[in-house]
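Taking it in order: structure first as structure tokens, then the write-up.
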Amino acid sequence: MTFQDMRLALKATGVEDDFSELLIQYCRENGRDYEKLDELLVQEGYVKVFTDDFFGWDENEDEEYEYEYKEKIHHKPLWDE
């Protein structure tokens with residue numbers, strides 16, 4: 001998750017811009033500890049953003065996704081020219 005993603009997630013959940021910038025500065029200095037960030041959010045009266053069951057941002061970071069290639073099916077007949 002980039003810092004821009006963090007800003008967007010914090011803004012979407014109603015966190016004030018000043019406090020979100022403090023959290024981002026904390027991440028720059030101490031690394032991204034999402035549990036600690038959520039703890040700080042709860043202490044300030046906000047809801048969890050990064051480790052809740054709904055979003056679960058930190059759970060999917062290390063997973064790799066496998067994409068399956070599918071051949072395009074032409075609905076119109078292809079005529080040999």
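Here is how the numbers come out for the structure above:
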| quantity | calculated |
| --- | --- |
| Among residues of the range 9-26, those that are hydroxyl-bearing (Ser, Thr, Tyr) and either touching a helix residue (DSSP H, G or I) at 6+ places or on another chain (Cβ under 8 Å) or at pLDDT 90 or above (or both), counted | 2 |
| Complete set of residues in the range 1-23 that are assigned to a helix (DSSP H, G or I) and either surrounded by 16 or more Cβ atoms within 10 Å (Cβ to Cβ) or in contact with a Lys or Arg (Cβ under 6 Å, 6 or more places away or on another chain) (or both) | Met6, Arg7, Ala9, Leu10, Ser20, Leu23 |
| First in the range 2-19 and closer than 19 Å to Gly31 by Cα, second anywhere and of a type in the set (Lys, Arg), Cβ under 8 Å, 6 or more apart | Phe3/Arg28 |
| Count of residues meeting criterion [under 16 Å from the mean Cα position of the chain (by Cα) and assigned to a helix (DSSP H, G or I)] in the range 24-35 | 4 |
| Residue check for Lys70: among the basic types (Lys, Arg) and at pLDDT below 85 | yes |
| Total residues in the range 27-46, condition aromatic (Phe, Trp, Tyr) and at pLDDT 90 or above | 0 |
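The values are calculated or read from the model by the stated rules, or taken from the named source; none is laboratory data. Note that the structure is a prediction, hence the values are computed from the model and not measured. Note that we place each Cβ from the backbone using ideal geometry, even for glycine, and neighbour counts take in every protein chain shown.
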